[in-house]
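A.B. asks: Sharing a structure with you now.
Quick note: the coordinates plus some simple rules give every number you see, no bench work behind them. Predicted, not measured: the structure shown is a model, and the values here were computed from it.
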Amino acid sequence: MFTVENIIGDIVFLSFRDKSFLAKLAISEEVSHFKILGQDQLGLWVEHPKLTFRYTTDKNGNPVAKENQKTEEVDAVFLVAWGNIDTIMHYPEREGYDFPSEFDTDIGFK
């Protein structure tokens, strides 16, 4: 039986019912692959590595010249509510996207 626990630590494709929340997180709506870190009663905890922030204003809100703008790359973890998940697609047998098959485990009586 498939459970979310089977794909924790794997990268999966997530299709959202409403992608608009991604813009609020500074993530492009074209991004659709995320690493699953866990789950709880609210939804899936996912990671988006190398989220890039560009600072275009100073601490007073004044514009900064392009050559003086700074960028910062950070790893971001966020929650996707269960109600906003349309589809989860995993890639069995694909390098880096796979989890062990329950049929390959050594269980039961011998």
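A.B. asks: Do the alpha carbons of any pairs in Lys19/Lys70; Lys24/Lys50; Lys35/Lys70 sit beyond 23 Å of each other, and which pairs?
C.D. replies: Values: Lys19/Lys70 27 Å; Lys24/Lys50 16 Å; Lys35/Lys70 27 Å.
Over 23 Å Cα-Cα: Lys19/Lys70; Lys35/Lys70.
A.B. asks: OK, next. Starting from the amide H of Gln39, placed 1.01 Å from N in the peptide plane, find each other amide H under 5 Å away whose residue is 5 or more places distant or on another chain.
C.D. replies: Under 5 Å from the amide H of Gln39: Trp45.
A.B. asks: Could you give each residue of the range 48-61 its phi-based ³J(HN,Hα) in whole Hz, using Karplus coefficients 6.51, -1.76, 1.60 with θ = phi - 60°, and x for Gly or Pro?
C.D. replies: 10, x, 6, 5, 10, 10, 10, 9, 9, 10, 8, 5, 9, x
A.B. asks: Work out, step by step, the length gained on full extension between Asp18 and His90: first 0.36 nm times the residue separation, then minus their alpha carbon distance; give nm to one decimal.
C.D. replies: Values: separation 72, 0.36 × 72 = 25.92 nm, distance 2.03 nm.
My answer for the length gained is 23.9 nm.
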